[in-house]
Amino acid sequence: MGKILSVIKREYLQVVRTKGFIIGTLLGPVLMALIIVIPILSSMVVVPEQETIGVIDSTQEIFNELDKKLGYTMKDGRRRYLLKKYEPQAEIEELRNDLRQKILAKEISAFLFIPGDVAADGKAEYVSEHVSDFDEIKSIHEALNSVVIGKRLKKEGLEPQKIAQYIKRVSLRTIKLTKKGEEEEDTGGTFLISYLLVFILYMTLFFYGSIILRGVIEEKNSRVVEVILSSMRPFQLMMGKIFGIAAVGFTQYVIWALFGLAASRYSRPLVSSFFPAAEFRLPTIPAYIFVYFVIFFILGYFLYGTIYAAVGSMVNSEKEAQQLLMPVSLLLVVPMLMIVFILRSPNSSFSVILSLVPFFAPVLMLMRISILLPPFTQIAGSVVLLALTIFLMIWLTGKIYRVGILMYGKRPSIKEVVKWMKYK
Amino acid sequence: MNALEIENISKKFDSFYAVKNLSFQIPEGTVYGLLGPNGAGKTTTIRMVMNIIIPDEGNIKVLNQKMDEEMKGRVGYLPEDRGLYPKMKVGELLLFLAGIKGMKGEKAKQEIDFWLERFDLVDWRDKKVEELSRGMQQKLQFIATIVHQPELIILDEPFAGLDPVNTKLLKDIMLEMKEKGRTIIFSTHRMEQVEMISDNICLINRAEKVLEGNLSQIKKQYGKNTVLLDYEGQASFIKSFPEIEKIDDYGKFMEIKLKEKADPQHLLSELVGKIKINKYEIREPTLNAIFIDKVGERNGKDPISH
């Protein structure tokens with residue numbers, strides 16, 4: 001045990017002191033904060049420019065109402081869209097050419113051509129240099145649409161306002177029923193944070209796995225491994241390494257959690273002091289999700305950590321490791337791809353089975369827990385299965401590791417690896 | 001008492017024997033040379049002693065006990081493939097390596113100080129291993145092997161790649177350890193060093209023991225029918241002499257093995273006047289000659305090697 005502790009201590013200090021670890025630990029929360037805050041801020045900070053839009057209204061009836069509908073202003077009090085009317089001449093094509101020139105000359109940013117039979121035919125044209133701003137096109141489209149529909153209704157002798165009332169959409173309030181009672185939920189925010197947690201789990205499994213991998217390869221390449229093995233069993237070295245990196249992960253998570261706590265405490269006053277108008281609210285997540293997060297991270301870490309250690313022992317360089325890691329990465333990526341499916345039907349038997357598969361469980365069961373708490377038996381079942389798989393993997397990879405770390409040169413074939421496992 | 005007892009050990013990798021039915025004993029306080037050509041099974045034997053590889057058959061007793069994790073702390077091991085953690089600081093690395101051998105705290109620090117001083121590495125204590133020159137890393141590796149005061153020291157090809165200064169340093173340390181009553185086993189395929197410091201030797205070839213015993217006795221067995229000739233001139237005519245069994249000619253130096261009843265004086269008289277003789281010595285064969293004799297004899301029979 002003392003030897004394992006020495007290895008744990010060495011591994012821990014070696015990694016924690018690297019620049020990469022320090023930068024990653026500090027930068028992580030900053031990145032996370034930016035991911036959450038930037039979209040909120042950008043919607044407030046980025047001021048859209050005023051745009052002048054030429055309108056050829058062949059009906060002569062639409063322009064005024066359209067102008068009114070698009071008459072809203074920006075923060076600085078100017079109109080977002082400035083509509084400029086062009087009288088339809090006999091030669092429409094000439095006018096359109098003219099306007100095209102104006103767009104290219106930046107006099108106007110776009111023009112809207114409304115044919116005379118728009119009410120009957122239901123077609124209009126919007127010409128611009130850039131037609132990728134969906135927000136802009138959508139607002140113009142909707143304004144035109146409602147004006148034209150209004151015209152049609154009036155023609156039939158109907159009251160547009162009344163019709164609008166008749167066809168008003170029903171708003172649906174979503175309420176999550178839990179054992180404690182009904183809770184109204186801001187599903188968007190909670191989901192975002194849950195997804196973020198799953199993503200962090202996924203990223204860190206990869207990240208710590210590759211630290212283990214690199215460590216094993218370094219020991220092999222520098223040939224120090226045999227010196228170490230003259231003092232302890234390969235199994236002790238492997239477990240010391242895995243636990244040492246686990247301690248690194250623990251440190252990183254504690255630091256991140258402190259950042260998170262600070263953020264939930266101080267971010268709102270901080271943000272609103274800079275941007276008083278901003279509606280900023282950190283979504284709240286139930287504590288049990290964090291508990292499960294910790295459980296599934298630990299289990300996932302040990303499962304993948306042992307695999308990475310075994311892979312490291314089989315190869316001579318990180319480049320060689322990449323090929324062998326393909327199937328391992330796949331095991332991690334597949335559940336990430338399944339998330340959309342799980343989201344749609346978290347309790348379908350397919351979701352249940354997938355989330356019980358030990359290699360997928362860390363990501364998928366955590367996802368299910370954060371969407372809709374599954375029956376406890378299922379969670380317990382996946383934990384037990386994971387734990388059993390971990391013991392099996394430690395036993396198996398230990399057998400590979402002890403031979404692999406002393407094998408230099410050619411990368412072994414699967415057949416050879418199987419043979420290693422049979423060595424006494 | 002024997003510091004190491006090896007009894008009929010065998011190790012097979014697939015169908016290939018790395019070590020076959022090998023036995024030998026090493027008395028406490030002696031230097032033991034494990035000899036053999038490359039690939040003979042020396043490293044596998046040593047790894048089995050260190051419990052890094054488990055033998056398929058046979059028993060190994062280290063310091064009168066079966067090798068276990070506790071025992072590893074009483075043994076120092078210098079592997080053939082040298083290596084240290086390149087990113088670790090010298091002092092920390094030694095502390096770690098002493099620690100996993102069971103030597104901790106103040107005692108470990110004192111011992112490390114002593115050896116860093118002795119090997120002139122004190123100024124490098126806080127430098128990373130990768131910043132050290134190759135020679136310094138080799139010295140550091142010796143310290144790592146002996147810092148925990150092992151009773152049995154196992155050195156696999158200790159002189160490989162050493163410059164003359166470090167070779168001498170290592171040889172001195174080995175003899176010093178022997179004086180302190182420690183037992184040393186080392187493997188090599190270079191004979192000069194073995195001759196100078198070994199008490200006993202074991203020669204293995206192709207996984208099997210070929211020769212074992214006290215070095216001076218072995219040499220005596222071969223008898224005083226070897227001539228070492230230091231000469232100048234054209235000497236190839238010697239080959240036609242009927243009394244000669246074997247010649248190993250180096251151009252200016254020649255090791256001649258005579259037939260059993262041949263007279264060395266007669267050979268000398270034949271040579272006088274034909275070449276310039278700087279030295280003519282009648283003695284036991286060198287270990288090198290014995291080695292080539294024993295190993296070449298067997299390997300020569302192998303049709304594959306031709």
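The values are calculated or read from the model by the stated rules, or taken from the named source; none is laboratory data. The shown structure was predicted, so the numbers you read here are calculated from the model rather than taken from an experiment. Please note: Cβ atoms are built from the backbone with ideal geometry, for glycine as well, and neighbour counts cover all protein chains shown.
Could you grab me the full set of residues in the stretch B:153-192 that are surrounded by fewer than 17 Cβ atoms within 10 Å (Cβ to Cβ), among the charged types (D, E, K, R) and within 24 Å of residue B:295 (Cα to Cα)?
Passing the criteria: B:190, B:192.
Go through the stretch A:397-424 and report how many residues are of a type in the set (A, V, I, L, M), more than 13 Å from every other protein chain (Cβ to nearest Cβ) and in contact (Cβ under 8 Å) with a residue 12 or more places away in the chain. So that I can check it myself, show each step before the final result.
Kept after step one, since they are of a type in the set (A, V, I, L, M), are these residues of the stretch A:397-424: A:400, A:403, A:405-407, A:414, A:417-418, A:421.
Retained after the next criterion (residues that are more than 13 Å from every other protein chain (Cβ to nearest Cβ)): A:400, A:414, A:417, A:421.
The next check asks that each one be in contact (Cβ under 8 Å) with a residue 12 or more places away in the chain; those that pass are A:400, A:417, A:421.
Summing the residues that are of a type in the set (A, V, I, L, M), more than 13 Å from every other protein chain (Cβ to nearest Cβ) and in contact (Cβ under 8 Å) with a residue 12 or more places away in the chain in the stretch A:397-424 gives 3.
Report, by residue number, each residue of the stretch B:152-176 that is more than 21 Å from residue B:201 (Cβ to Cβ) and either within 13 Å of chain A (Cβ to nearest Cβ) or assigned to a loop (DSSP other than H, G, I, E, B) (or both).
B:161, B:163
For residue A:57, only one of the following conditions fails: (1) modelled with pLDDT under 80; (2) buried (at least 17 other Cβ atoms within 10 Å of the Cβ). What is its number?
(1)
Being aromatic (Phe, Trp, Tyr), more than 12 Å from chain A (Cβ to nearest Cβ) and surrounded by fewer than 23 Cβ atoms within 10 Å (Cβ to Cβ), is that true of even one residue in the stretch B:10-20?
yes
Look at residue A:341 and say whether it is farther than 21 Å from residue A:289 by Cα, under 27 Å from the mean Cα position of the chain (by Cα) and aromatic (Phe, Trp, Tyr). Spell out how you get there, then give the answer.
Details: farther than 21 Å from residue A:289 by Cα: no; under 27 Å from the mean Cα position of the chain (by Cα): yes; aromatic (Phe, Trp, Tyr): yes.
In short, no.
Need a quick list: strands (runs of 3 or more DSSP E) entirely within the stretch B:1-99 having at least 1 residues that are farther than 17 Å from residue B:206 by Cβ and basic (Lys, Arg). Can you show your working first?
Values: elements: B:2-13, B:16-27, B:31-35, B:57-62, B:75-78.
Per the criteria, B:57-62.
Is there any pair with a first residue in the stretch B:57-79 that is within 11 Å of chain A (Cβ to nearest Cβ) and touching a residue at least 12 places away in the same chain (Cβ under 8 Å) and a second that is among the acidic types (Asp, Glu) and in a strand (DSSP E or B) whose Cβ atoms are under 7 Å apart and which are 6 or more apart or on different chains, and what are they?
B:78/B:156; B:79/B:156
Which residue is nearest to residue B:262 (Cα to Cα), if the candidates are limited to the stretch B:207-250 and must be acidic (Asp, Glu) and assigned to a strand (DSSP E or B)?
B:245
Can you spot a residue in the stretch A:340-353 that is modelled with pLDDT under 85, touching a Leu at 6+ places or on another chain (Cβ under 7 Å), surrounded by 15 or more Cβ atoms within 10 Å (Cβ to Cβ) and of a type outside the set (Ser, Thr, Tyr)?
Yes, that holds for at least one residue.
Across the stretch A:213-254, what is the total count of residues that are free of Cβ contacts under 8 Å to residues at least 24 places away in the same chain, surrounded by 21 or more Cβ atoms within 10 Å (Cβ to Cβ) and outside any helix (DSSP H, G or I)?
Matching residues across the stretch A:213-254 total 2.
Can you tell me which residues in the stretch B:80-93 are more than 7 Å from chain A (Cβ to nearest Cβ) and not hydrophobic (A, V, I, L, M, F, W, C)?
Within the stretch B:80-93, B:80, B:89, B:91, B:92 qualify.
When the residues of the stretch A:1-36 are filtered to those that are surrounded by fewer than 17 Cβ atoms within 10 Å (Cβ to Cβ) and under 19 Å from the mean Cα position of the chain (by Cα), which remaining residue is nearest to the other protein chains (Cβ to nearest Cβ)? Spell out how you get there, then give the answer.
Step one: of the stretch A:1-36, the residues surrounded by fewer than 17 Cβ atoms within 10 Å (Cβ to Cβ) are A:1-2, A:5, A:9, A:13, A:16-24, A:26-27, A:30-31, A:33-35.
Going one step further and asking which of them are under 19 Å from the mean Cα position of the chain (by Cα), we end up with A:24, A:27, A:30-31, A:33-35.
On the way: A:24: 17, A:27: 22, A:30: 27, A:31: 27, A:33: 32, A:34: 32, A:35: 33 Å.
By that ranking, first place goes to A:24.
Within the stretch B:121-140, is there a residue that is touching a strand residue (DSSP E or B) at 6+ places or on another chain (Cβ under 7 Å), among the basic types (Lys, Arg), under 24 Å from residue A:6 (Cα atoms) and within 13 Å of chain A (Cβ to nearest Cβ)?
The answer is yes; a qualifying residue exists.
Considering only residues of the stretch A:243-277 that are of a type in the set (Gly, Ala, Ser) and under 24 Å from the mean Cα position of the chain (by Cα), which is modelled with the highest pLDDT?
The initial filter retains those residues of the stretch A:243-277 that are of a type in the set (Gly, Ala, Ser), namely A:244, A:246-247, A:249, A:257, A:260, A:262-264, A:267, A:272-273, A:277.
Those left that are additionally under 24 Å from the mean Cα position of the chain (by Cα): A:249, A:257, A:260, A:262-264, A:267.
Details: A:249: 91, A:257: 84, A:260: 78, A:262: 80, A:263: 73, A:264: 71, A:267: 66.
Ranking the qualifying residues of the stretch A:243-277, first place goes to A:249.
Name the residues in the stretch A:367-424 that are of a type in the set (Gly, Ala, Ser) and farther than 30 Å from residue A:193 by Cβ, would you?
Within the stretch A:367-424, A:398, A:404, A:409, A:413 qualify.
Please state which of the following conditions residue B:15 fails to meet, knowing it meets all the rest: (1) modelled with pLDDT of 90 or more; (2) of a type in the set (Ser, Thr, Tyr); (3) under 29 Å from residue A:401 (Cβ atoms).
That leaves (1) as the condition not met.
Return the pair list, or none, for Cβ contacts closer than 8 Å from residues in the stretch A:370-393 that are in contact (Cβ under 8 Å) with a residue 12 or more places away in the chain and assigned to a loop (DSSP other than H, G, I, E, B) to residues that are of a type in the set (Val, Ile, Thr) and surrounded by 18 or more Cβ atoms within 10 Å (Cβ to Cβ), at least 6 apart or on different chains.
Qualifying pairs under 8 Å: A:374/A:352.
Has the stretch B:100-119 got any residue that is within 8 Å of chain A (Cβ to nearest Cβ), β-branched (Val, Ile, Thr), surrounded by 18 or more Cβ atoms within 10 Å (Cβ to Cβ) and touching a Lys or Arg at 6+ places or on another chain (Cβ under 8 Å)?
Within the stretch B:100-119, one or more residues are within 8 Å of chain A (Cβ to nearest Cβ), β-branched (Val, Ile, Thr), surrounded by 18 or more Cβ atoms within 10 Å (Cβ to Cβ) and touching a Lys or Arg at 6+ places or on another chain (Cβ under 8 Å).
Mind listing whichever residues of the stretch A:84-108 are small (Gly, Ala, Ser) and modelled with pLDDT of 85 or more? Talk me through it step by step, then tell me what you get.
As a first pass, look at the stretch A:84-108 and keep what is small (Gly, Ala, Ser): A:90, A:105.
A:105 - this is the single residue of the stretch A:84-108 that is small (Gly, Ala, Ser) and modelled with pLDDT of 85 or more.
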